[in-house]
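Visitor: First the structure, then my questions, so here it is.
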Amino acid sequence: KLSKRLYVDMGWPPESVIAIPNGIDLERFNGTSVMERPDAKKLHVGCVARLTNDKGVDVLLEAMEDMHDLPLTIVGEGKESEYLTRWIEQISLKEDVSPPRIRLIPRVENLGAFYRSLDLFVLPSRLHDPFGLVVAEAMSQGVPVIVSDVCGIAQELHAGVDGMIVRAGDVGTLKEALESLRDPAIRKTMGEEGRTTARNNFPAETMVKKYEELLKK
């Protein structure tokens, strides 16, 4: 829906622009294994993203820099890897805790196990992100999510019900969302609603069916 609006704003007739949400392979993420958490007693926040300016991982890092009781794991690679690594090292030196509260991992073997290790998933894109598959993947595992309003998937969610939607590039509103999701009851309800949304709306088979129906017209 977000991408459709962009094309309509460029002058395309609304009736000729069809928006079909991306789909995920739910079977790929099924399982019970859980990746090791930085601290089993504390909430674990995660992000999977390309480490480039458009993905806004620096916005997430800034928001969580002084949230000293919230471990954060970022999975990804990209042009900002070195910059973000230095920033994380500076935070770790100041905090002087072991293991470090914030870690950056280039990749993980089992994304499903990573998602299941999380209490909260964040995709903080600052520029137009056509969908945000990783959000749907995390939701499918019952993980409550925070997503910026420039992500296409934000248009498919009910804000405050099956996900939290924040302003792109806005550290303040992201911090507010993180703080609100400290509440275990809110996380539980949102995670369950998100799982239902992901499994009902975002299976790859549903996406394929919609394309088939479109091509038959």
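Visitor: Could you say whether any residue in segment 84-100 is β-branched (Val, Ile, Thr) and closer than 18 Å to Leu181 by Cβ? Walk me through how you get there before you give the answer.
Guide: Within segment 84-100, the first condition is being β-branched (Val, Ile, Thr), and the residues that meet it are 85, 88, 91, 97.
Next cut, closer than 18 Å to Leu181 by Cβ only: none.
No, segment 84-100 has no match at all.
Visitor: For residues in segment 40-52 being open to solvent by 60 Å² or more (accessible area, probe 1.4 Å) and touching a residue at least 12 places away in the same chain (Cβ under 8 Å), which is nearest to the chain's Cα centre (by Cα)? Write out each step before concluding.
Guide: Residues of segment 40-52 that are open to solvent by 60 Å² or more (accessible area, probe 1.4 Å), as a first pass: 40-42, 50.
Filter once more, keeping what is touching a residue at least 12 places away in the same chain (Cβ under 8 Å): 42, 50.
On the way: Lys42: 19, Arg50: 12 Å.
Among those that are open to solvent by 60 Å² or more (accessible area, probe 1.4 Å) and touching a residue at least 12 places away in the same chain (Cβ under 8 Å), it is Arg50.
Visitor: Working only within segment 65-76, note down all residues that are open to solvent by less than 10 Å² (accessible area, probe 1.4 Å) and acidic (Asp, Glu).
Guide: none
Residues checked against (1) small (Gly, Ala, Ser); (2) part of a strand (DSSP E or B); (3) over 16 Å from Val171 (Cβ atoms):
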site: Gly31; (1), (2), (3): yes, no, yes
site: Ala40; (1), (2), (3): yes, no, yes
site: Leu43; (1), (2), (3): no, no, yes
site: Leu70; (1), (2), (3): no, no, no
site: Trp87; (1), (2), (3): no, no, no
site: Ser92; (1), (2), (3): yes, no, yes
site: Pro100; (1), (2), (3): no, no, yes
site: Leu104; (1), (2), (3): no, yes, yes
site: Tyr115; (1), (2), (3): no, no, yes
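Visitor: Sticking with this one: Can you tell me which residue among Lys94, Lys55 is at pLDDT 95 or above, touching a Cys at 6+ places or on another chain (Cβ under 9 Å) and of a type in the set (D, E, K, R)? Spell out how you get there, then give the answer.
Guide: Numbers: Lys94 fails: touching a Cys at 6+ places or on another chain (Cβ under 9 Å).
On inspection, the qualifying residue turns out to be Lys55.
Visitor: For segment 202-217, which positions are open to solvent by less than 70 Å² (accessible area, probe 1.4 Å) and not in a helix (DSSP H, G or I)?
Guide: Answer for segment 202-217, where residues must be open to solvent by less than 70 Å² (accessible area, probe 1.4 Å) and not in a helix (DSSP H, G or I): Phe202, Pro203.
Visitor: Okay, moving on. Among the helices (runs of 4 or more DSSP H) contained in segment 125-201, which hold 3 or more residues that are surrounded by fewer than 24 Cβ atoms within 10 Å (Cβ to Cβ) and not aliphatic (A, V, I, L, M)? Lay out the reasoning, then the answer.
Guide: Details: elements: 133-140, 171-180, 184-201.
In segment 125-201, 171-180, 184-201 are the helices (runs of 4 or more DSSP H) which contain 3 or more residues that are surrounded by fewer than 24 Cβ atoms within 10 Å (Cβ to Cβ) and not aliphatic (A, V, I, L, M).
Visitor: Kindly provide the set of residues from segment 77-118 that are among the hydroxyl-bearing types (Ser, Thr, Tyr), closer than 13 Å to Val57 by Cα and open to solvent by 40 Å² or more (accessible area, probe 1.4 Å), ordered by number. Outline the logic, then answer.
Guide: Step one: filter segment 77-118 for residues among the hydroxyl-bearing types (Ser, Thr, Tyr), giving 81, 83, 85, 92, 98, 115, 117.
Next cut, closer than 13 Å to Val57 by Cα only: 81, 83, 85.
The answer is Tyr83, Thr85.
Visitor: Within segment 1-39, track down each residue that is aliphatic (A, V, I, L, M), modelled with pLDDT under 90 and open to solvent by 60 Å² or more (accessible area, probe 1.4 Å). Steps first, answer last, please.
Guide: From segment 1-39, those aliphatic (A, V, I, L, M) are 2, 6, 8, 10, 17-20, 24, 26, 34-35; that's our starting set.
Checking which are modelled with pLDDT under 90 leaves us with 2, 6, 8, 10, 17-20.
Residues satisfying the conditions are Leu6, Met10, Ile18.
Visitor: Residues being farther than 20 Å from Ala136 by Cα and open to solvent by 20 Å² or more (accessible area, probe 1.4 Å): count how many of those fall in segment 53-64. Walk me through it before giving the result.
Guide: Kept after step one, since they are farther than 20 Å from Ala136 by Cα, are these residues of segment 53-64: 53, 58-59, 61-64.
Okay, now just the ones that are also open to solvent by 20 Å² or more (accessible area, probe 1.4 Å), so 53, 58, 62.
The number of residues fulfilling the criteria is 3.
The values are calculated or read from the model by the stated rules, or taken from the named source; none is laboratory data. This one's a predicted model, so the numbers in the text were calculated from it and none came from an experiment. With ideal geometry, Cβ positions are generated from the backbone for all residues, glycine too; neighbour counts draw on all protein chains shown. Ligands, DNA and RNA are excluded from the accessible area calculation, which covers all protein heavy atoms including side chains. Shrake-Rupley method; radii C 1.70, N 1.55, O 1.52, S 1.80 Å.
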